[in-house]
Amino acid sequence: MSASPRVIRKSIGNFLEDFVPGALFRHKGGKTVTEGLFTTFTEFSMTTNPLAKNARYARAYGFDGLVCPPGLVMLVAFSQTVEDVSENARANLEYIDMRFGAPVYVGDTLEVETKVLGVIGSRSNPRLGVVHVQSTARKNRGSRDEAVVLTWQRKVQVWKRDESAELHAGTAEPDPIDCELWLPRYEPTRDYKALAHLTNPDTYFEDFEPGTRIEHSRGRTMTSEHIHLTAVLDNTSQVHCNQFMIDLDPEQYVGGELIIFGGIPFVLCLGLSCPNVGDNALADAVYRTGRHSAPLFAGDTVFAATEILARRDHPTREDVGLLDTRLLGHKFVRANAGEPAAEGAPAGWRKVPIFELERSLVVKRRSHYA
Amino acid sequence: MSASPRVIRKSIGNFLEDFVPGALFRHKGGKTVTEGLFTTFTEFSMTTNPLAKNARYARAYGFDGLVCPPGLVMLVAFSQTVEDVSENARANLEYIDMRFGAPVYVGDTLEVETKVLGVIGSRSNPRLGVVHVQSTARKNRGSRDEAVVLTWQRKVQVWKRDESAELHAGTAEPDPIDCELWLPRYEPTRDYKALAHLTNPDTYFEDFEPGTRIEHSRGRTMTSEHIHLTAVLDNTSQVHCNQFMIDLDPEQYVGGELIIFGGIPFVLCLGLSCPNVGDNALADAVYRTGRHSAPLFAGDTVFAATEILARRDHPTREDVGLLDTRLLGHKFVRANAGEPAAEGAPAGWRKVPIFELERSLVVKRRSHYA
Amino acid sequence: MSASPRVIRKSIGNFLEDFVPGALFRHKGGKTVTEGLFTTFTEFSMTTNPLAKNARYARAYGFDGLVCPPGLVMLVAFSQTVEDVSENARANLEYIDMRFGAPVYVGDTLEVETKVLGVIGSRSNPRLGVVHVQSTARKNRGSRDEAVVLTWQRKVQVWKRDESAELHAGTAEPDPIDCELWLPRYEPTRDYKALAHLTNPDTYFEDFEPGTRIEHSRGRTMTSEHIHLTAVLDNTSQVHCNQFMIDLDPEQYVGGELIIFGGIPFVLCLGLSCPNVGDNALADAVYRTGRHSAPLFAGDTVFAATEILARRDHPTREDVGLLDTRLLGHKFVRANAGEPAAEGAPAGWRKVPIFELERSLVVKRRSHYA
């Protein structure tokens, strides 16, 4: 090889000026859920719902086997969109109307498409703008088992490659997506009661009271494990795994250290809430809106709480009800000297909200299951 | 939602006054062994027995496939009992009469029950007492494959919720548990010798000499990985994963840092001993008694030794023998200035015993297998 | 047991004087590829080739299912040889003529043999010498599926146990190994184009230009996770996992800290290069030579580049071509005060090459696949 080869440096991902309303990305890769992926994330997130832990229980309820918890479905699907949509993002602004469809099992392969719904430049910063997208994850494309497993919109703040480039500013209509939540049928001949000891006795639909707030008792300290976890998801965004890039320009990056991928506190909050809210749920139905309000770093301990907003009858089924909640994540940071004592925090600490999610679950009624 | 929702903070786990002799816990969750769980722990523990690594070997011996090593069976089964029995414990005092039954394979689902055998208050500390329990793990309940895989007793020091509460002091008889160690049949038509190169040539029954002590040569440094490993086991005890809780009151917690779950050094000592003691074992039969003698922290390096106590004939089989051993785990800590040189430790260091287990194995005879 | 048992300390692995040219090691253990192992390493390495991520894609190409990426095959096979060949090594000097054969799937069991090809003492250091070996990994021995999956030679610098021991200096001829790269047949009736969006559009055979150098844009910071990853591979070399051993004599060990197992940067460089070089490859064919040029430690960030050396027609197939490349890994370390600015490094940093591999891939032609 010659002494001075021509050097090629490929750009990865799209910048603001690359997005065109109405355009469709068919994302690369795709991902088959292995038992390795399943266990890594189900257990990391501390989920306690036996549907994701106990194959005997899951089959007795009419599922084909262990069921991927909703947080794992979301993480796998979302991560497939990162390179095309948010590799060059500054921040993920909002999750919108995230709806679940078919259950995902070990062995299923997920592939994802994204439609651009909107592009708008920032008024205050000529290098930035907001992209609005609609993404849909399907499993087992081209087979009889093909089904939508998740569809959602999100808004993301994206950098421009070239500050002077023209934008394709504008909007497009979202596609109608046939995404219906699959639930196993209630069959009175099944002996659900014989399995009732495997879940908490006080997390049935009848137990939740709108207007209450449940402070989940457990916390979980994050470590540098987040780098590996993020790689397992094929999320390649460099702010999560390239410390050298940050060392070169620490002021550009919050705190001068690697930021934990937002999907990590997302699933961890779901898991921390599980023993109080989710272990008698048959599924998560929809996340109407969600956002991250502060970054998370290795060493932080994550806590969660759930506000019970409303209880609704299911439109067609008597054995389950719909529970509308707000899931809230927070951490604590040391207060500055002289800072007044803060509400909800021990002396010397300040409570920092990190995550918020409007979450509706399908929860079993005690009258039918226990 | 109203500005001031009613806040609910659910207590998790039982306190000393909640335990009633004779009462039975049917533990929540249950756990299916996936290939993810299998690999994470088998490889972490550095086990070298091909039954847990080489499916061709395991099948040639008459097992259905890769066999969960005894440490993994113990970890999964034990962890199922943590929330009910020891979430509010100060210390695990003793493992007693831990007996293995059927082998556990990938795909098996374990569920566990615990009977309370004794409750006694502490004489010196009115906030503490000791609970004595008997736990049994079964696989694949309700199916043809249902079998006991492990049964054991343990004593655990548990906090009271309310110092003035009355205790249900007393005892109950242990249940008789039908737990027979399953071993594959010896079949002379099988060509065991053709596989003999896959294990160490000097770890057959004939090779062990009572009165010797084997210092296992390898050490393994633990990292903050222990937080993830403990979560993978569904062990939710906060002293292993909630650094914020410790930062709030560091003096209450040994060393002011997260303590590594005792199951971790337990399996690591089993693994470190494996190339010298366990790689020609067909199974571990019983752990008569065991205890942790010092805590382990991230950064510590674990070492192990095995004392050979006795060799016994198997009551019904000529191809194997029973080996009684004492497995000992230790670490080294820096000696204080002026501290005299310690036995068994390099200059400047002190040897700290961390774990002890009376362990009986079923070991192949060279005469039949090599 | 008596108060003073006889203490046994078994030596592990071979020293320079134990190697005899022509001798054969049949390595212990063997290893079945589980979904846990598969996911841990495939995802860690950041590979992007859908053959290793998307079972639908892999099957559509004629594979049986998800395909172990070449780096994982190499790691599993290589690690089986560590105890016998390099547990007592100072350094791995060179990988030579590493050739791939049959594809490896989840469920396959690999077993490895090594022939000693040469032993030579060091002229400058009487405690050291070089061992030259030839290793071959087969899958599913004794079954219809038995096949060679990898064969390679390597040279490794090994310590003597006893400085005065005689060496078995000499050489032996390598065995001829029937190792033919398996490729799925090209079948025009298959709709490859329908899957073309799952890979990068600019990594077909036609896209590579000899004389160019591709700087791969992503970096990956290593953490203490390397200890666990190395254990997962059954690589037991103490310099990767026993910090206490290093603390006892820090000057003997580079940097006074645990060195990351060379297989880790090996697969990480393969993975970092994948989106630009490997995601339209059907297989890696041969690594003619490779070496590590500097150690890697926790905290370092790994980068990679690929030089395109040559494009060659495949001897028998028109749908693919052979691509000869040089894969280069590097990291950056802080420059000393007053050190002149270095080429290829940001101000204040020095670029340190860590790895180099002559690598030939079998790459799909756009004319046939997209």
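Every number in this text was worked out from the coordinates using simple rules, so none of it is lab data. A quick note: this is a predicted structure, and the numbers were derived from the prediction, not measured. All Cβ positions, even for glycine, are placed from backbone atoms using ideal geometry, and neighbour counts span all protein chains on display.
Things to note:
- For q = 0.14 Å⁻¹, Debye-computed log10 I/I(0) when each Cα of chain C counts as one equal scatterer: -1.26
- Each 10 Å bin from 0 upward holds the following percent of the Cα-Cα pairs of region A:288-347: 16, 32, 27, 15, 8, 2.
- Label separation (A:Ser11 vs A:Glu180): 4.4 nm, computed from points 7 Å beyond Cα along the C-beta direction.
- Per-pair calculated FRET efficiency, R0 = 30 Å: A:Asp97 and A:Glu166 via Cβ, rounded to 0.05: 0.50
- Inter-chain Cβ neighbour average for residues A:131-142, partner chain, 10 Å: 1
- Across region A:315-325, rounded Karplus estimates of 3J(HN,Hα) from the backbone phi angles (6.51 cos²θ - 1.76 cosθ + 1.60, θ = phi - 60°) give x, 10, 10, 8, 7, 9, x, 9, 10, 9, 9 Hz, Gly and Pro being marked x.
- Other-copy label distances relative to C:Pro210, 7 angstrom Cα-Cβ extension, nm: 7.4, 7.4
- Under 17 Å of direct C-alpha separation, and excluding same-chain neighbours fewer than eight residues apart, A:Lys53 reaches these lysines: B:Lys28, B:Lys31, B:Lys139.
- Cα gyration tensor shape of region C:216-349, rounded if a/c is under 1.5, else prolate or oblate by comparing a/b with b/c: oblate
- Using a 7 Å projection from Cα along Cα-to-Cβ, the label point at C:Arg9 is separated from the same position in the remaining copies by 5.3, 5.3 nm, smallest value first.
- Built amide H within the under 5 Å cut-off of A:Gly299, gap 5+: A:Met222, A:Thr223
- Pair-distance profile P(r), taking every C-alpha pair of the protein assembly as shown, with 10 angstrom steps and integer %: 2, 10, 19, 24, 22, 15, 7, 2, 0
- The alpha carbon centroids of region B:234-274 and region A:58-72 are separated by 31 Å.
- Each label was represented as a point 7 Å from its Cα along the Cα-to-Cβ direction; for C:Asp145 and A:Arg288 these points are 5.1 nm apart.
- Phi angles of region B:124-139 translate, via the Karplus equation with coefficients 6.51, -1.76, 1.60 and θ = phi - 60°, into HN-Hα couplings of 8, 10, x, 8, 10, x, 10, 10, 10, 10, 10, 10, 9, 9, 10, 10 Hz per residue; Gly and Pro are given as x.
- Averaging the Cα positions of each part gives two centres, and for region A:91-167 and region A:285-348 these lie 24 Å apart.
- Within the listed set B:Glu94, B:Glu225, B:Glu215, the Gaussian network model of chain B (springs between alpha-carbon atoms below 10 Å) gives the highest mean-square fluctuation for B:Glu225.
- Using all pairs of distinct alpha-carbon atoms, the Kirkwood hydrodynamic radius of region C:1-116 works out to 16.9 angstrom.
- Mean projected area (nm²) of the alpha-carbon convex hull when region A:247-323 is viewed from all directions: 6.7 nm²
- Remark: mean inter-chain Cβ contacts per residue of A:209-222 equal 6, using a 10 Å Cβ-Cβ cutoff to other protein chain atoms.
- C:Lys351 paired with C:Glu215, simple spin-label distance in nm, labels 7 Å along Cα-to-beta-carbon: 0.7 nm
- When each of the peptides A:113-123, C:118-128, A:269-279 is scored by the mean number of other C-beta atoms lying within 10 Å of its residues, the order from highest to lowest reads A:269-279, A:113-123, C:118-128.
- Averaged over peptide A:57-63, the number of partner chain Cβ atoms lying within 10 Å of each residue's Cβ comes to 1.
- Mean ellipticity per residue at 222 nm, deg cm²/dmol - from DSSP H runs of n ≥ 4 across the protein assembly as shown, formula -39500 (n - 2.57): -4000 deg cm²/dmol
- Rounded to whole Hz, the Karplus (6.51, -1.76, 1.60) HN-Hα couplings of region A:341-347, x for glycine and proline: 4, 9, 5, x, 10, x, 3
- Based on Cα atoms of region C:313-357, Rg over Rh with Rh as the Kirkwood radius reads 1.37.
- Within the protein assembly as shown, percent of DSSP bridges classed antiparallel, to nearest 5: 95 percent
- Ordering of C:359-369, C:342-352, A:326-336 by packing is C:359-369, A:326-336, C:342-352, highest average first (other Cβ atoms within 10 Å, averaged per residue).
- Unit Cα scatterers, Debye sum, region A:87-139: log10 I(q)/I(0) for q = 0.28 Å⁻¹: -1.23
- Between copies, the label points at C:Asp313 (set 7 angstrom from Cα along Cα-to-Cβ) are spaced 7.6, 7.6 nm, reported in nanometres from shortest to longest.
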